[in-house]
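A short reminder: the numbers here are calculations on the coordinates, not readings from a lab. Computed from a predicted structure; not experimentally measured. Cβ placement follows ideal geometry from the backbone for every residue including glycine, while neighbour counts extend to all protein chains displayed.
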């Protein structure tokens, strides 16, 4: 079948303004949209730039906007698109070229929540014990592949006035450590997130949850982070 | 620009990051990667990491030792394997302490599952040895090690592509990199250079490997006069999702999945009567393709079924969530109710850049060291995997030998001053790049690469023979001539992936020739290297490692002995 794509193009070294370019690609119904993009690049127009690597939703490289919704073209099959497909870069981030955006601010925010286990008790010689129930508390969160689709979809991050909001991806990782029974930095973590650009930046708009390619209940987890902050403050008599 | 660091690590997968974490406390460490953080192919590893923790049932490192030696078809060096298996428990506990979210047993210990070729009591029955986090083990370990690198303030050069290796007076002194985002060239200078660049599955049409796994480092090192070891041993994972080749982890069989042919028969009972579906990968891949050749593929096609329907929804969604999601997305099937179509897929390079047990690159069969140059992980050959790697031993290899390389480097850089380079390595790299960009020609990259992938699939995959290997080498020469006439149509400098792929293709043609050449000279069958014209293992002649050198007269093959300490070669039956 013939797939029609309308693709966002911008090369800062020669274009004053972005523009859209139409392509037509022959594809099988079970082909990925990613395959179509690669066919364009390999067979028609090698100037088109986009990131990709594993091709099956594990590395998180190919986040982009497909018909207005952030997602991974390696997870979308041709058969599910009837009309022309609109392909654009992730919003929120600055476009470097075509579908490639600068993810530096994304990683800086990710880094800011201290994304590592903080443990004050010296570990035993063997593994620390953790029950399956304790591990299940945060298991959905470890599916995160840092593709940035959630943060790019978040209306709070999209709004210039509130763009400093740390964003859903960083909060999912914060949740992952707050709810890990081995972590001993709950107080620091809740304090770190207790401000308008931290967990309270979330306005419960659900966009992150809708687009997550790994089906993580993002909004629910951010809600649990807020609850944890609230409880910590109440306990500390600060509320 | 010129940037100085004590240690330059090329590759941000598990081996590179584990090494970085090890030396970051004492040295100034930089990690160079052609992809963004956490995109490296280690993240696609699903099933687990082996260690004889004995959390689920009795296990011993000696059994792991034996299984790995037997799995390697007796080609693995036993001194190195002993280090690997003895260090395994420590490596796992260390990851747990760093925060890796392992799945847990009811007692709260790290869960373990069955994996191919891992047995109790020297081959008696399967043993639960693979420590896992559902079926996303590689990804969560990669995330954890990246987070540890952030904590230790390791410097990352992401989306920088290595164009050449720099030596000064025979000592590794740096790398020339191409900044993909700007098109600028930089020199990263260091006192020690670690190559941790992974494998090269992308030279095959069907592969589980990611787009970044193109294998150019094998060729870059080789062109510096370093030999490549045991390159004929290319692992085909038995269960790639048909037709894409995406990995369906052995964990699916570890959890009880069964392979079935067109007649619904559990055919592995005939090929491996004791452990059946949990035999080593080379054995299972050959069994699947034998079924297909004999007309028992599904619907007469070149795949079989992996049946998980008896496992139940709960087990599948808890332990095999990712795999189930791949099957649903790419095939529209629900593995809870329907069998999964699978076929062997190129997965892993057992051979590689020869190193000693501490990651030092070796220049020849006598064991001479290339100072300042190290290698770890899939691109290296220690050799712990010999002729066939066992599942979950790869992540262990990355952790154990990544760490050892890190320890050696930080010790050695303390004794050296930064090299002062006599010549400018940037100029020749820049000239080469400009030449490639400006060159006119009629050929394009994509058709040459596609043909290369078909050639490697036809002549250099699971079944090989002399005629095919010779034909394959001839075809590669034809492709190399065509490559001389390529033209890069994209002349831009910002994220010009056509240019990057053009460079990669040149290296892939070299790499492919070395693989077929090594395979042609091994006139026996061992592990993943199966010769239809020499179907038996020939210990009298070929119990030795292949080393291929580049000489002015072309490729030259030499050999070096295998280190055997404890287990003498015997018939390999599963």
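Summary table below
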{"item": "Most mobile listed residue (A:154, A:70, A:59) in chain A, GNM with C-alpha springs under 10 Å", "result": "A:59"}
{"item": "Ranking of A:1, B:457 by count of other Cβ atoms within 10 Å, fewest first", "result": "A:1, B:457"}
{"item": "Theoretical gain in end-to-end length, residue A:45 to residue A:133 [0.36 nm per residue, Cα-Cα removed]", "result": "26.5 nm"}
{"item": "Cα-based Rg of region A:171-239 normalised by 2.2 N^0.38 Å, two decimals", "result": "1.12"}
{"item": "Region B:210-248 versus region B:117-142: alpha-carbon centroid distance in Å", "result": "23"}
{"item": "Helix-only mean residue ellipticity at 222 nm for the protein assembly as shown, each DSSP H run of n ≥ 4 adding -39500 (n - 2.57), per residue, nearest 500", "result": "-10000 deg cm²/dmol"}
{"item": "Fluctuation leader among A:153, A:186, A:53 - chain A, Gaussian network, Cα springs under 10 angstrom", "result": "A:53"}
{"item": "For residues of B:487-497, the mean tally of beta carbons on other chains within 10 Å", "result": "5"}
{"item": "Degrees between helix A:218-235 axis and first principal axis of chain A (Cα, 0 to 90, nearest 10)", "result": "20"}
{"item": "Most to least packed among B:443-454, B:248-259 [average Cβ atoms within 10 Å]", "result": "B:248-259, B:443-454"}
{"item": "Cβ neighbours within 10 Å from other chains - mean over B:523-535", "result": "0"}
{"item": "Size of chain A as Cα extents on the principal axes (Å, biggest first)", "result": "62, 41, 30"}
{"item": "Likely footprinting exposure, B:353, B:473, fewest C-beta neighbours within 10 Å first", "result": "B:473, B:353"}
{"item": "Centre separation in Å (Cα based) which lies between region B:275-318 and region B:482-529", "result": "31"}
{"item": "In degrees, nearest ten, helix B:466-484 long axis to first principal axis of chain B (Cα)", "result": "40"}
{"item": "Net length gained if the chain between residue B:4 and residue B:491 were fully extended (0.36 nm per residue, minus Cα distance)", "result": "172.3 nm"}
{"item": "Spatial separation of Cα centroids for region B:76-115 and region A:99-150, in angstrom", "result": "20"}
{"item": "Pair residue A:191, residue A:161: separation of 7 Å Cα→Cβ label points (nm)", "result": "3.1"}
{"item": "Exposure proxy order (Cβ contacts within 10 Å, fewest to most) of B:111, B:317", "result": "B:317, B:111"}
{"item": "Peptide B:444-455, shielding by other chains (average Cβ, 10 Å cutoff)", "result": "1"}
{"item": "Ranked by how many other beta carbons lie within 10 Å on average, peptides B:143-151, B:434-442 from highest", "result": "B:143-151, B:434-442"}
{"item": "Full-extension gain in nm, residue B:369 to residue B:290, via 0.36 nm per residue minus C-alpha separation", "result": "24.2 nm"}
{"item": "Cα long-axis angle, helix B:88-98 against chain B (0 to 90 degrees, to the nearest 10)", "result": "70"}
{"item": "Virtual spin-label span in nm between residue A:104 and residue A:200, 7 Å along Cα→Cβ", "result": "3.1"}
{"item": "Of A:194, A:98, A:80, the one that fluctuates the most in a GNM where chain A has Cα springs shorter than 10 Å", "result": "A:80"}
{"item": "Two-site label geometry, residue B:563 and residue B:318: point separation in nm, points 7 Å out along Cα→Cβ", "result": "4.2"}
{"item": "Cα coordinate range in the protein assembly as shown, projected on the principal axes (Å, largest first)", "result": "79, 64, 63"}
